[in-house]
Every structure is written in structure tokens, then in C-alpha cells.
Amino acid sequence: MRAAYRAAGLGFALIGATPAFGQAQAPGQLLTSGIRAYQQLEFADAAGLLRRALAAPPPGLEAASRSQALAYLGAAELFRNRPDSAASVFTRLVRSDPRYRFDRLTFPPEVTTVFDAARRRNPAAALGLEPVRTIRSGQPDYPIDVFGSTYHDARVEIAQLDGRTLRTVYAGPVSDSLRLEWDGRGAEDEPLAEGRYVLRVTSLDSVGTAARTVRIPLDIRIAGVDTVPHPPPPPDSVLLPERSAAAPALEALIGSLAIGTAIAVLPSALSSDVDLSPTRFAVGAAVTVAGFSGFFARRPGRPIPENVAANDRVRADWRTGVEAVVRQNRDRMRRALLEVRAGMPQIIEAESR
Amino acid sequence: MRVTLAAALLALSAVPLLAQSGAVRAVVHGVWVTGDRPTGARERTGLGLGGEATFGVGPAGLAVGYLEGSLDETGGASTDFVEGHAFFTLRPLRWAALGFGPHVRSFIEPGGTQRWLLWEAHVQAATELLGPTIEAYAEGWVVVSAEVEVSEPFDGGRGLEGGLRVAVGRLPVALRLRYRLERLELGGGTRRETVEQVGLAVGIGRR
């Protein structure tokens, strides 16, 4: 029985000693323990705990806690006399959170000095955007907060998804922070159509080469615009027939044949006992010939130039109306309400770095 | 009679000025008059000149006409003739018209004047051959009552007319070519009078 308890106790002890058991600690607890170890000057323990906190699988630490973990880790490495490792950690910190600044009451100058050097080596910018904001196109209502890791030059651009720049919102120096106002316009000050675009911030190094780019997708939707509908095209009832129909031509032909025949034949039937004048045949023939002329002049399918011209005038008037509405709507579109939704940022570091 | 008809025609010709639509025309007619009677046939031919006027308000209208001329008879004396008409017309459809009224004709011969007074009912149909520019028409009528100064009693009469109306360009001038035939029967079929006319009219106004 005692042997059985011993075996069970050994089993529990082995389970507790496995790495999986240790990693089951929450990243936040590891961070807290790491900071506590740092404060107790146990820098090796602190570094180990903090590295484990940073290496936690997703979701891992929140952004602010991650920055804090990197800061303490870099400081711990520095105090472990591992300056290269500290510099590397601070570089990670600058790149992941350009806004981060050390609390100079908490960390001694030898730490902040190394961190400041890392900031200077790694110009980076972060963006602050409202997740969803409705602006009126043409009004500089969309705030873009740019936070720099250090004083450096940057470009803020609106671009197509394929990378083509539509609008350069700002190009110039960025220090701690900079607020820009975008007006919802794209190339040549034209309003952007609905769709997905990219807000791109490129940090430049001292020689003007792109060191780092942050891309934030922007989904733009027209939230409200009081455009005028296009005038409808002229209905068929307004347009004149451009080709002659069969009915008038046939009416001319049949009518003239009937009347011409009547003039030629009916007098004989009415006065069969009288030798009538042959002039009736001439008149009947004249009517028939006129009917044939009318038939060929109005033969089915023949273009009717005057109607074509009249219809062209009607269509031209309609096109003029449409163009006027298009101009009017374009002007209204320039003042449309745009709903701008910002997506998750994507960071692209220069390959050489 | 002739003076009365001419005066009436002139007076009526002024009425189109007050009407919504109307026309005034000068006419020249070739005339053939054939009388077939128990004593033998009599054929006379000649030329007549005259005028016509029509005017209307809405579908209703009035048509008047006057024609006078001379008829020659082979081996006989020439005969003057005068005729006129005044028909009230109604055009219920664009292509159809009705008419009713008196038609008078006088033959002035050395032996006296022979007068015909015919009350006629007409119906006319027309069709456009080339838009409103050229129109063909046919007309038929019956004599519903007559006073004819001949010894035979009047039995009945019919007639027909057909021709072309042509508008000259965009002017208000119109031409009319017509053929008409009248047939009267008198004396129980023993006497037949046939009047044949071929005419050309030139005037202002279309109808």
C-alpha cells in the first residue's frame, strides 16, 4: 500500500516537472512573474519568464503587455551583460510599437540610452485611426494620427490595392506624433468610388529609402448622396418612325388601283348604251400612276429623313439632359457622405533590415 | 338664272374667309352631253369654265360651284349651258365625306331654256397616295328628287366622279383632275341623258 502511494506521488511529481505543465501558465502571469523577478534583480529568471510570456501561443499577450514584456526583457538582458541581445529586443520593441517610450522613473538611464539608440536606428511609424468614421467627401474630416518611433521622414498615402498611389496625404518629417486630416479624395482631388483602398505610411531612413511600411485597408462606402436620377430615354411613343411602314404604301397602291379602275370601268357599266369619251381612261391611268408613284416613294422600309432628323433632335436633347444630370451628380458626389472602415494593419519591413 | 347663279357664287365665295378651312378654284371642263331619246340620239360636246368654292367649320362644310360654256352639236346649232351646285357636306372621317344639295343645269337653246333641278345625295372616299400631297378620290351620288323641264317624267339619276387632288409644293395652291358622269333616266326608260365631264381645276386651298 505504501509502495502504491509512493508510485502515485512519483507520478504527480513527473507530471509537474514536464514543460507542458509549466507552459500552462497564462502569459499574463508569466509577465507578472518576470517583472517581479526583474525587480528582485533576478535578471536571468526574469529573462526566462518574459521570453516564455512572449512566446506564448496565440492569443498571447495583448499589445501593451507585449511591449511591456519586451521592455523588461531588454533591460534584463542588458543587466545580464548581454548588450547585443538587449539591442535586438529593443529593436523588436520599436518595430512592434513605435509609440512605446520608457518610463524614466522605472528604468535607469543606461537602459533608456540603449533603447533610444534602437529607436534612432529603426525609424518606424504607427497609425491611429478610428475603426469607423463617416465623413463628407471634400471636407478634411478623417483624422490620421501618425506616431513616430523617432524623428524621421515619412509618406502617408492613399493607394489602390495593387499599390498604385492615388493621393499623397503627407510627405515630411514625423516626430512623436502628427495629426493629419484626409478629405476622402483620391487622385486629382476626385472623390473615391466605393471599394477597398489602402492607407499606407512609409517610414524613410536617413538616405530616403523605405525602411518600413504600414498598410491599413480602408473600406469606403457611400453612406449618403442625394443624386438625381438620369432622365429616362425618350420612349418609342415620342419617336417618329424612321422607316416607312407598309400600310401607307399599300394603301396608296390599293386605293389608286381601286379608284383608277372605278373611273375606267364604272362609267361603262353605268351608261353601257352610250359611247363614252375615252378621257376617263386617261384620268384613271393618272390616278393609278400616281398610286404607283406613291407606293414606290413610300415603299416599306424606306428611311424617312425628316423623321430621322426629328428623332436625332429628341435624342440629342435627351443626351444633353443626361450630361447635365451627370455633371450635377458628379458635383453632388463630390460632397457625398463616405463611411470609412479601417482594417487591421499590416507591417512590411524592408528586406535589408 | 345665269346672273343669279354667278352672284350667289360670288357671295358664297367670300364665306371661306370666315371659315376654318376652305378652297377657291377655277375650273375648266370638257363636256359631253348625250341624249338618247325615242326621236333619236343627240350628242353635244363643248367646253365649260367656272369656279368652285368650299369652306368648312369642323366636319361640316359647304361646297358651291358654277360652270358655264357652250356645246356644239354635229349638224346642229350650238347650245349654251350653265350649271351650279350648292352642297352641304359632312366629313365624319378623314377619308370619307357626305354631301347633299341642289344641282341645277340649264341648256339655253334658240327654242327656249331647258332647266334641270336635281337634288343629289353624295358620298365620297379619298385616299392619300403620297402623304397629303397627292390624294385620289371617288364619289358617287344618286338623284333623290328632280324637276326637269322635259315632257317625260323623271325616273331616277345616278352619277360618279373620280380623280386626283395634288398640292403644289408647300404653296397653298392645289390642282384637281377629275372625271365625272351623270346619268338620268326619264319617261320610263325611253329617254336617257348622259353628261360626261373631264375637268381640271386650279385653286387655293386643298379641299
Next item on the list: Could you tell me which residue of the range A:246-285 is least open to solvent (accessible area, probe 1.4 Å), considering only residues that are more than 7 Å from chain B (Cβ to nearest Cβ) and touching a Pro at 6+ places or on another chain (Cβ under 6 Å)?
Entry: A:Ala249
Next item on the list: Take A:Gly294 and decide whether it is small (Gly, Ala, Ser) and either part of a strand (DSSP E or B) or facing another protein chain (nearest Cβ under 10 Å) (or both).
Entry: yes
Item checked: Flag for B:Arg105 being away from chain A (no Cβ under 14 Å), open to solvent by less than 60 Å² (accessible area, probe 1.4 Å) and of a type in the set (Lys, Arg) -> yes
Check: Going through the range A:199-218 one residue at a time, which ones are hydrophobic (A, V, I, L, M, F, W, C) and surrounded by 15 or more Cβ atoms within 10 Å (Cβ to Cβ)?
Finding: A:Leu199, A:Val201, A:Leu204, A:Ala211, A:Val214, A:Ile216, A:Leu218
Note to self: Looking only at the range A:103-159, filter to residues that are of a type in the set (S, T, N, Q) and in a loop (DSSP other than H, G, I, E, B); which one of those is farthest from A:Gly186 (Cα to Cα)?
What the structure shows: A:Thr106
Checklist line | Some residue of the range A:219-232 being more than 14 Å from chain B (Cβ to nearest Cβ), under 60 Å from the mean Cα position of the chain (by Cα) and crowded, with 18+ Cβ neighbours inside 10 Å | finding: yes
Check: Just checking, which of A:Arg164, A:Arg101, A:Arg82, A:Arg119 is charged (D, E, K, R) and touching a helix residue (DSSP H, G or I) at 6+ places or on another chain (Cβ under 6 Å)?
Finding: A:Arg119
Next item on the list: Quick one: in the range B:184-202, of everything that is open to solvent by 10 Å² or more (accessible area, probe 1.4 Å) and assigned to a strand (DSSP E or B), which residue is farthest from the other protein chains (Cβ to nearest Cβ)?
Entry: B:Val202
Margin query: Looking at the range B:145-167 only, could you name the residues that are facing chain A (nearest Cβ under 8 Å) and surrounded by fewer than 17 Cβ atoms within 10 Å (Cβ to Cβ)?
Written below: B:Arg158
Item checked: Answer residue from the range B:112-160, given it is out of contact with any Gly (no Cβ under 8 Å at 6 or more places or on another chain) and among the acidic types (Asp, Glu) and is nearest to A:Thr279 (Cα to Cα) among those -> B:Glu135
Margin query: Quick check on my filter: what residues within the range A:169-196 are buried (at least 18 other Cβ atoms within 10 Å of the Cβ) and part of a strand (DSSP E or B)?
Written below: A:Val169, A:Val174, A:Trp182, A:Arg185, A:Pro191
Check: What number goes with the only condition from (1) buried (at least 19 other Cβ atoms within 10 Å of the Cβ); (2) farther than 13 Å from A:Phe43 by Cα that A:Ala76 does not pass?
Finding: (2)
Note to self: Being farther than 28 Å from A:Arg119 by Cα and at pLDDT below 90 is true for just one of A:Asp141, A:Asp162, A:Asp176. Which residue is that?
What the structure shows: A:Asp141
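Could we say that A:Thr261 is among the polar types (S, T, N, Q), touching a helix residue (DSSP H, G or I) at 6+ places or on another chain (Cβ under 8 Å), at pLDDT 90 or above and within 30 Å of B:Ala41 (Cβ to Cβ) here?
Yes, satisfied.
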Check: In the range A:133-168, how many are open to solvent by 40 Å² or more (accessible area, probe 1.4 Å) and either among the basic types (Lys, Arg) or closer than 20 Å to A:Thr209 by Cα (or both)?
Finding: 9
Notebook entry, point to check: Would it be correct to say that A:Tyr100 is open to solvent by 30 Å² or more (accessible area, probe 1.4 Å) and assigned to a loop (DSSP other than H, G, I, E, B)?
Noted result: yes
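Residues in the range A:49-60: is at least one under 26 Å from A:Thr168 (Cα atoms) and among the basic types (Lys, Arg)?
no
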Check: Given the structure, is B:Glu120 under 29 Å from A:Ala258 (Cβ atoms), more than 14 Å from every other protein chain (Cβ to nearest Cβ) and crowded, with 21+ Cβ neighbours inside 10 Å?
Finding: yes
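Could you identify the single residue in B:Ala97, B:Ala77 that is away from chain A (no Cβ under 14 Å) and outside any strand (DSSP E or B)?
Numbers: B:Ala97 fails: outside any strand (DSSP E or B).
Matching residue, one of B:Ala97, B:Ala77: B:Ala77.
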Notebook entry, point to check: Can you find even one residue in the range A:108-121 that is open to solvent by less than 20 Å² (accessible area, probe 1.4 Å), polar (S, T, N, Q) and touching a Lys or Arg at 6+ places or on another chain (Cβ under 7 Å)?
Noted result: yes
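Every residue, every condition in (1) of a type in the set (A, V, I, L, M, F, W, C); (2) in contact (Cβ under 8 Å) with a residue 24 or more places away in the chain; (3) in contact with a Cys (Cβ under 6 Å, 6 or more places away or on another chain); (4) not in a helix (DSSP H, G or I), yes or no:
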residue	(1), (2), (3), (4)
A:Pro232	no, no, no, yes
A:Leu239	yes, yes, no, yes
A:Gly255	no, yes, no, no
A:Val265	yes, no, no, no
A:Val283	yes, no, no, no
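The values are calculated or read from the model by the stated rules, or taken from the named source; none is laboratory data. Given the structure is predicted, the values throughout are model-derived calculations rather than measurements. Neighbour counts are summed over all protein chains in view; Cβ atoms, including those assigned to glycine, are modelled from backbone coordinates with ideal geometry. With ligands, DNA and RNA removed, areas are computed over all heavy atoms of the protein, side chains included. Shrake-Rupley method; radii C 1.70, N 1.55, O 1.52, S 1.80 Å.
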